[in-house]
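This report concerns only the one structure given below.
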Protein chains: 2
Amino acid sequence: MKVSKFGGSSVATASQIKKVLDIVNEDSERRIIVVSAPGKRHDQDTKTTDLLIRLYEKVINNLDYTHKKGEILERFEEIVNELHIDTQIITEIDETLEHLINTLKNQPERLLDALKSSGENFNAQIIAAYNNSIGIKTLYLSPKEAGIIVSNEPGNAQILESSYDKIYELTRYDEKIIIPGFFGYSEEGHIVTFPRGGSDITGAIVARGVKAQLYENFTDVSGIYRANPKIINRPEIISEITYREMRELSYAGFGVFHDEALQPLYHYRIPVVIKNTNRPSDPGTFIVYDRQIDPQKVMTGISCDEGFTSINIKKYLMNREVGFTVKILNILAEHNISFDHMPSGIDNISIIMRSAQIKGKEQKVLEAIRRECEIDELNIEHDLAILMVVGEGMSAAIGTANKVTSALAEANINLKMINQGSSEISMMFGISNADAQKAVKACYQNFYND
Amino acid sequence: MKVSKFGGSSVATASQIKKVLDIVNEDSERRIIVVSAPGKRHDQDTKTTDLLIRLYEKVINNLDYTHKKGEILERFEEIVNELHIDTQIITEIDETLEHLINTLKNQPERLLDALKSSGENFNAQIIAAYNNSIGIKTLYLSPKEAGIIVSNEPGNAQILESSYDKIYELTRYDEKIIIPGFFGYSEEGHIVTFPRGGSDITGAIVARGVKAQLYENFTDVSGIYRANPKIINRPEIISEITYREMRELSYAGFGVFHDEALQPLYHYRIPVVIKNTNRPSDPGTFIVYDRQIDPQKVMTGISCDEGFTSINIKKYLMNREVGFTVKILNILAEHNISFDHMPSGIDNISIIMRSAQIKGKEQKVLEAIRRECEIDELNIEHDLAILMVVGEGMSAAIGTANKVTSALAEANINLKMINQGSSEISMMFGISNADAQKAVKACYQNFYND
């Protein structure tokens, strides 16, 4: 059994939805389908979910929302008309929106979750209806019916471990099942949305619950590129990548597949494939637990993300003091700051975090370090970018570090930090925000175009 | 005022002692002299301190120690005879040794400290007597008379902060002052020796106490080499190095000047010069607080030390968990393990320490990490060497990392770890013990012989 998830652009229009159902119906293993809300139809278009958020804002500010609601109904009407299914569903959508607005307008967080998830919900119903209309037995299941019961934290749902047994029961159905992505229900019956990458998370949860042989993630690209295609012209597509590599690349800005969505799959080793709805015969990128390493291609991908901050601390004889680093990290934990890297010398240490982690807390944190740690010098550096060079075979291959550092030296880029741990599949380089794109180009050139 | 310290080989024989006093007497600023015990006269020779430790072992095991004591007396007799000073001092040395043995034989730690420090003590008295005999007013002062009052921990004396005011009074003397290195007195009046690098520490303490303009450290080399001369044939001598650079190089095995001795000098910015007793006109190596950087020579030195261990931990989504690293470091602190570096990836972390730190505690520590941290994978790697490439100008110079990594790649050396912090004057590379010498050669070649 496969679980197949289709992203917003794959279900943005009636013709896209037909493509999706062609893909779904041609393979009997494709039994459970998770769908997003209609995405952009063209570059200037607005996603349905964003229209729904605007509707929410009108409501919450007591403004006339008729026009906004009209825009949303129009989007669905266009799809329904082109699919030639019963237009009664538009009336139902209208009534559902009104019902949500009327019952939840005094609970803004609940209303937001309920409205912004309804794009997925309506779309799943429409898609199921259409597939039935062309003669394929298909069942729409709400997340509640599918067993997706989550923690009760608006906008940040976490699946409850107990849900998986319920989800496993989906294997009993003979029909194709269509489930809206992006949200679950709390035990109290509230709609609660997942954090960023929401529909991917639904797909992953269902795939784990039914112990799928494969989780297919359909999107509008034919897989994961080795580097950002906005920086590199037509980069290679990765054919196979491990979960761990994917995590490292996602961390530094690879957006195709949200890394949090990998978590349910990781321990059960359920493979994922990223495929293109518009070119379904392209092989796509497989995300797997383990893979064969090609010694000629030790670098799987390069990514570079901006917006990091480094706190740099110097203290003479630092490494003699058992517990010194703990003191510093306790201060960070007290301020609820999660850091990412901690390169160190004998008498100094740098702690690297996303700038957002320390925003607004900077003075307090620095003061606490000064007060509690008897340091010699302390400074903070913003506008750092983190370049990640990722590959399972890297640590064993002699000269990988050298390939990267020589590419960067030739491009005249100063390395502020380097960090490569012992059991590593990645190397991290700290550079200036300003050098970020240049660095990706230099590395890609050096690894793939020589 | 200068404080001048002479190491064991500089005061090993009468003729060496004459050289030392020529140096001392030719400069009226050289007012306070710290001396070691007579060192080796030739490669096969035994240091006086080692003879004294053997004497201690005979005594403590209730064996006949006459012969051992005889060897010690002979060494001093040879010096006294060649210097033509009163041989009465040999009788006094004999009586002192007997007195220490008789009064302390039931307190082994005290006896060890008292005996092993007496080589310095006798030598200081002999040298002072000789300088007086040639007409230079010279005063032997015991550490107690000089104000060197220390903590009462045998073999690991720490200077008491209150001593420095007393030591400052040494500036009032008109005579040359000779002080034995390596030990102080506890407040209770016990002889207590300093840890490794003992005479260097005495010199540094006195230099700080008298606020010396310069601390001269005379030894048998003309300064500090850029790399280990046992690995590199005739390496360059460093003309100027900062305390911080010196710390990093000492850490990874540079033995000329013990880094703990720098501590009293660091905050008062008292410069040190390492000079050669046998070639006193050679400029030597200055250790200073700050220095001009030559952009052509950003690498000050290379060192490589073996015997490190790395604990490697993997945990999926590690970087999301605020306080995860603190948990691990708390476990290390509970076991009194000080670590040196902590390179990390997104989902893994390596903690590098000297193997001696974890010896005998390995199983307990690993079990505690497994029990308390819900990790995915844990392993431990021994036989690591740490290569340190050190230089104040390095972090600003583009291509330094590349010079090192290309030298290592050409030498076919696998880099297990890399660590360079943001405010860094050094880069650390983790390699196999087996590659240590090859790595130093490759780097030196690349930086200095090209």
Selected residue (only one of A:Ile346, A:Ile337, A:Ile313 is at pLDDT 90 or above and either out of contact with any Cys (no Cβ under 7 Å at 6 or more places or on another chain) or small (Gly, Ala, Ser) (or both)): A:Ile313
Selection within region B:329-352 - in contact with a strand residue (DSSP E or B) (Cβ under 8 Å, 6 or more places away or on another chain), facing chain A (nearest Cβ under 7 Å), not aliphatic (A, V, I, L, M) and not in a strand (DSSP E or B): B:Ser338, B:Asp340, B:Pro343, B:Gly345, B:Asp347
Filter result for A:Arg110 (touching an Asp or Glu at 6+ places or on another chain (Cβ under 9 Å), surrounded by 15 or more Cβ atoms within 10 Å (Cβ to Cβ) and in a helix (DSSP H, G or I)): no
Qualifying positions in region B:379-414 - of a type outside the set (Val, Ile, Thr), facing chain A (nearest Cβ under 10 Å) and in a strand (DSSP E or B): B:Asn379, B:Glu381, B:Leu384, B:Met388
B:Thr48, sole failed condition from (1) of a type in the set (S, T, N, Q); (2) farther than 21 Å from B:Tyr130 by Cβ; (3) touching a residue at least 12 places away in the same chain (Cβ under 8 Å): (2)
One residue from B:Ser151, B:Ser222, B:Ser199, B:Ser162 being under 30 Å from B:Ser395 (Cβ atoms), among the small types (Gly, Ala, Ser) and touching a residue at least 12 places away in the same chain (Cβ under 8 Å): B:Ser222
Answer residue from region B:228-245, given it is without any contact (Cβ under 8 Å) to a residue 40 or more places away in the chain and more than 21 Å from the chain's Cα centre (by Cα) and is nearest to the other protein chains (Cβ to nearest Cβ) among those: B:Asn233
Some residue of region A:198-217 being surrounded by fewer than 21 Cβ atoms within 10 Å (Cβ to Cβ) and among the acidic types (Asp, Glu): no
Positions within region A:361-380 being among the acidic types (Asp, Glu) and in contact with a helix residue (DSSP H, G or I) (Cβ under 7 Å, 6 or more places away or on another chain), in sequence order: A:Glu372
Residue count for region B:226-284, restricted to those that are over 24 Å from B:Lys2 (Cβ atoms) and in contact with a Lys or Arg (Cβ under 8 Å, 6 or more places away or on another chain): 4
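Residue by residue, here is whether (1) at pLDDT below 95; (2) part of a helix (DSSP H, G or I); (3) buried (at least 17 other Cβ atoms within 10 Å of the Cβ); (4) touching a Leu at 6+ places or on another chain (Cβ under 9 Å) holds:
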{"position": "A:Ile167", "(1), (2), (3), (4)": "no, yes, yes, no"}
{"position": "A:Thr171", "(1), (2), (3), (4)": "no, yes, no, no"}
{"position": "A:Tyr185", "(1), (2), (3), (4)": "no, no, yes, no"}
{"position": "A:Ser222", "(1), (2), (3), (4)": "yes, no, yes, no"}
{"position": "A:Pro235", "(1), (2), (3), (4)": "yes, no, yes, no"}
Enumeration of residues in region A:266-290 that are assigned to a loop (DSSP other than H, G, I, E, B) and crowded, with 17+ Cβ neighbours inside 10 Å: A:Ile270, A:Pro271, A:Thr277, A:Pro280, A:Gly284
Only one of A:Val272, A:Val256 that is of a type in the set (A, V, I, L, M, F, W, C), under 30 Å from A:Glu381 (Cα atoms), in contact with a strand residue (DSSP E or B) (Cβ under 6 Å, 6 or more places away or on another chain) and away from chain B (no Cβ under 14 Å): A:Val256
Any chance A:Leu63 is in a loop (DSSP other than H, G, I, E, B), farther than 24 Å from A:Glu145 by Cβ and not polar (S, T, N, Q): yes
Count of region A:415-434 residues which are facing chain B (nearest Cβ under 7 Å) and either on the phi > 0 side of the Ramachandran plot or not hydrophobic (A, V, I, L, M, F, W, C) (or both): 9
Flag if B:Ile23 is among the aliphatic types (A, V, I, L, M), part of a helix (DSSP H, G or I) and in contact with a Gly (Cβ under 9 Å, 6 or more places away or on another chain): no
Failed condition for B:Leu249, given (1) surrounded by fewer than 24 Cβ atoms within 10 Å (Cβ to Cβ); (2) within 14 Å of another protein chain (Cβ to nearest Cβ): (1)
Only one of B:Lys18, B:Lys58, B:Lys69 that is of a type in the set (D, E, K, R), under 15 Å from B:Asn278 (Cα atoms) and part of a helix (DSSP H, G or I): B:Lys18
Residue match in region A:321-328 (condition: more than 12 Å from chain B (Cβ to nearest Cβ) and not in a loop (DSSP other than H, G, I, E, B)): no
Failed item, numbered, when B:Glu120 is tested on (1) touching a residue at least 40 places away in the same chain (Cβ under 8 Å); (2) surrounded by fewer than 21 Cβ atoms within 10 Å (Cβ to Cβ); (3) of a type in the set (Asp, Glu): (2)
Selection count where residues are within 12 Å of chain A (Cβ to nearest Cβ) and either closer than 25 Å to B:Ala356 by Cα or not in a loop (DSSP other than H, G, I, E, B) (or both), scope region B:296-316: 9
Residue within region A:415-424 that is out of contact with any helix residue (DSSP H, G or I) (no Cβ under 8 Å at 6 or more places or on another chain), hydrophobic (A, V, I, L, M, F, W, C) and either touching a residue at least 24 places away in the same chain (Cβ under 8 Å) or in a loop (DSSP other than H, G, I, E, B) (or both) present: yes
Count - residues of region B:353-373 that are within 12 Å of chain A (Cβ to nearest Cβ) and either farther than 28 Å from B:Val404 by Cα or of a type in the set (A, V, I, L, M) (or both): 2
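The values are calculated or read from the model by the stated rules, or taken from the named source; none is laboratory data. Keep in mind that this is a model prediction, so the values were computed, not measured. With ideal geometry, Cβ positions are generated from the backbone for all residues, glycine too; neighbour counts draw on all protein chains shown.
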